[in-house]
Amino acid sequence: MDSAEQTAAHIKAAGSADFGSEVHGGTDRWSAQADGTAWGFETRAIHAGQDPDPTTGAVVVPIYQTSTYVQSEVGVHQGYEYSRSGNPTRTALETCLAALEGGSTGLAFASGLAAEDCLLRTMTGPGSHVVVPDDAYGGTYRLFARVLQRWGVDHTPVALGDLDAVRAAVRPETALIWCETPTNPLLNVADIAALAGIAHDAGARLAVDNTFASPYLQQPLALGADVVVHSTTKYLGGHSDVVGGALVTRDVVLGEELAYHQNAMGGVPGAFDSWLVLRGAKTLGVRMDRHCANAARVVGLLLEHPAVSSVLYPGLPEHPGHEVAAKQMSQYGGMVSFRLVGGEAAALDVCRRTRVFTLGESLGGVESLIEHPGRMTHASVAGSQLEVPDDLVRLSVGIETVEDLLADLTQALAAG
Ligand SMILES: Cc1ncc(COP(=O)(O)O)c(C=O)c1O
């Protein structure tokens with residue numbers, strides 16, 4: 001039995017009341033119109049999984065704050081048995097996420113890392129190997145280096161922009177290429193279609209962490225990726241009020257395997273958290289347009305500023321990944337990183353001085369955030385191949401009035 005067959009057997013065995021049969025987000029009438037053409041992105045964001053509540057007519061999906069569901073007789077119920085295995089508010093979110101990424105299965109998790117853990121423990125086992133970006137998000141790298149390594153899953157950090165280096169790193173036991181694009185915090189870009197080709201030629205799969213771009217700007221499944229990963233804490237939630245994660249695939253068998261593990265491992269979000277992410281997702285399109293427009297103005301200011309030594313943004317023609325970004329993204333996103341002429345002291349000083357940009361971790365909310373990756377989000381990779389420069393500052397450009405953002409950065413940079 002290969003591992004897929006074993007998992008399929010597990011899934012079959014799990015169809016008993018003891019384990020609960022999992023309910024996850026699939027497709028609904030909002031995934032495609034009657035003639036097969038897709039609904040627009042914003043229409044899917046507002047409607048997929050979110051038809052009016054059949055019991056009450058509530059237009060907004062209710063928060064089903066319940067752990068269990070009545071059975072009229074043993075084993076006879078309305079599809080839900082226990083909220084780890086499935087909850088209607090979570091199903092609505094999962095269906096919406098599947099529709100936004102063009103997948104057939106959507107799964108929501110308690111955090112982005114819970115989603116990653118589920119994906120990795122579904123798709124790898126002792127002896128497996130994974131190619132990871134050499135500038136992956138610090139928490140993702142920590143999962144590989146400090147947790148999965150102990151369970152016999154090996155990994156090789158590679159600059160994913162160098163496709164020959166990726167080919168050279170792939171081994172017979174490579175189960176997965178893990179891609180993040182654009183990356184956190186260096187904003188490097190990887191060619192999703194090319195990586196999918198390399199993975200599939202080697203009998204491996206491609207996972208893409210689409211957190212920075214969001215499904216509004218980039219659609220990895222359409223480019224050949226097997227599964228998309230999100231920290232929904234970021235742009236999908238969009239309001240810095242919830243922690244969550246997601247997986248989406250259009251491979252039905254992989255979707256079943258992931259759903260099985262989601263239930264078996266249990267890292268699911270509660271109903272209220274699912275509802276918050278779903279509410280955030282409705283406005284993703286309009287928010288992303290403003291994030292991108294504001295980020296472009298901030299980039300313009302930083303490029304001209306004498307205290308700034310370089311600006312990292314995929315929208316710049318001189319960015320090494322610009323051509324690929326132009327091919328696979330519809331706009332270049334709301335994340336901007338830059339380096340200071342005055343080194344780490346100047347970087348820390350700018351972080352201390354902003355008044356509209358709030359000093360804090362995370363990203364993708366409506367409010368602008370500033371951080372020092374070396375000492376904050378990426379402290380966990382200090383001393384490793386993934387260490388980030390100490391003069392680097394990362395901005396999550398929010399959707400405030402852009403003139404206020406520009407004035408804030410101008411006064412913060414003036415002091416240096
Ligand atoms: C690109 C990326 N992926 C995954 C994660 C992990 O998500 P979470 O914090 O929701 O666990 C983060 C968190 O910052 C991230 O930036």
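The values are calculated or read from the model by the stated rules, or taken from the named source; none is laboratory data. Keep in mind it's a predicted model, so treat the numbers as computed, not measured. Every residue, glycine among them, receives a Cβ derived from its backbone with ideal geometry; neighbour counts consider all protein chains shown. Keep in mind that these areas ignore ligands, DNA and RNA; they rest on the heavy atoms of the full protein, side chains included. Shrake-Rupley method; radii C 1.70, N 1.55, O 1.52, S 1.80 Å.
Beta carbons closer than 7 Å, at least 6 apart along the sequence or on distinct chains, pair a first residue in the range 232-249 that is near the ligand (Cβ under 9 Å from one of its atoms) with a second that is part of a strand (DSSP E or B) and aromatic (Phe, Trp, Tyr) for 244/109; 245/109.
Residues being under 23 Å from residue 239 (Cα atoms), assigned to a strand (DSSP E or B), open to solvent by less than 10 Å² (accessible area, probe 1.4 Å) and touching a Lys or Arg at 6+ places or on another chain (Cβ under 9 Å) are represented in the range 388-395 by at least one member.
Would you mind stating whether residue 161 is open to solvent by 30 Å² or more (accessible area, probe 1.4 Å), on the phi > 0 side of the Ramachandran plot and not in a strand (DSSP E or B)?
So residue 161 does not fit the description; no.
Filtered by the rule that a residue be farther than 16 Å from residue 411 by Cβ, more than 16 Å from the ligand (Cβ to nearest atom) and charged (D, E, K, R), the range 325-362 gives 327, 339, 344.
Among the residues of the range 207-221, not one is away from the ligand (no atom under 16 Å from the Cβ) and in contact with a Pro (Cβ under 8 Å, 6 or more places away or on another chain).
Based on this model, can you work out whether residue 352 counts as open to solvent by 40 Å² or more (accessible area, probe 1.4 Å), of a type outside the set (Ser, Thr, Tyr) and in a helix (DSSP H, G or I)? It is true that residue 352 is open to solvent by 40 Å² or more (accessible area, probe 1.4 Å), of a type outside the set (Ser, Thr, Tyr) and in a helix (DSSP H, G or I). Do the conditions hold for residue 103, that is, is it assigned to a loop (DSSP other than H, G, I, E, B) and modelled with pLDDT of 95 or more? For residue 103, the condition - assigned to a loop (DSSP other than H, G, I, E, B) and modelled with pLDDT of 95 or more - is met. Inspection of the range 365-372 finds a residue satisfying the criterion of being within 16 Å of the ligand (Cβ to nearest atom) and hydrophobic (A, V, I, L, M, F, W, C).
Taking only the range 212-230 into account, find how many residues are open to solvent by 10 Å² or more (accessible area, probe 1.4 Å) and either of a type in the set (A, V, I, L, M) or touching a helix residue (DSSP H, G or I) at 6+ places or on another chain (Cβ under 9 Å) (or both). Count: 6. Would you check which residues across the range 113-144 are within 15 Å of the ligand (Cβ to nearest atom) and either open to solvent by 30 Å² or more (accessible area, probe 1.4 Å) or of a type in the set (Phe, Trp, Tyr) (or both) and list them? Answer for the range 113-144, where residues must be within 15 Å of the ligand (Cβ to nearest atom) and either open to solvent by 30 Å² or more (accessible area, probe 1.4 Å) or of a type in the set (Phe, Trp, Tyr) (or both): 113, 117, 134, 137, 141, 142, 144.
Screening residue 337 with (1) closer than 20 Å to residue 181 by Cα; (2) more than 27 Å from the chain's Cα centre (by Cα) gives one miss only, at (2).
Of the listed requirements (1) within 16 Å of the ligand (Cβ to nearest atom); (2) open to solvent by 10 Å² or more (accessible area, probe 1.4 Å); (3) without any contact (Cβ under 8 Å) to a residue 60 or more places away in the chain, residue 110 misses just one: (3). Among residues that are closer than 24 Å to residue 83 by Cβ and touching a residue at least 12 places away in the same chain (Cβ under 8 Å), residue 136 is not included. From the list 246, 190, 204, the lone residue that is closer than 30 Å to residue 270 by Cα, surrounded by 22 or more Cβ atoms within 10 Å (Cβ to Cβ) and of a type in the set (Gly, Ala, Ser) is 246. When residues in the range 30-56 are screened for being outside any helix (DSSP H, G or I) and either surrounded by 17 or more Cβ atoms within 10 Å (Cβ to Cβ) or in contact with a Gly (Cβ under 6 Å, 6 or more places away or on another chain) (or both), 6 of them pass.
Within the range 376-392, one or more residues are within 15 Å of the ligand (Cβ to nearest atom), out of contact with any strand residue (DSSP E or B) (no Cβ under 8 Å at 6 or more places or on another chain) and either aromatic (Phe, Trp, Tyr) or without any contact (Cβ under 8 Å) to a residue 60 or more places away in the chain (or both).
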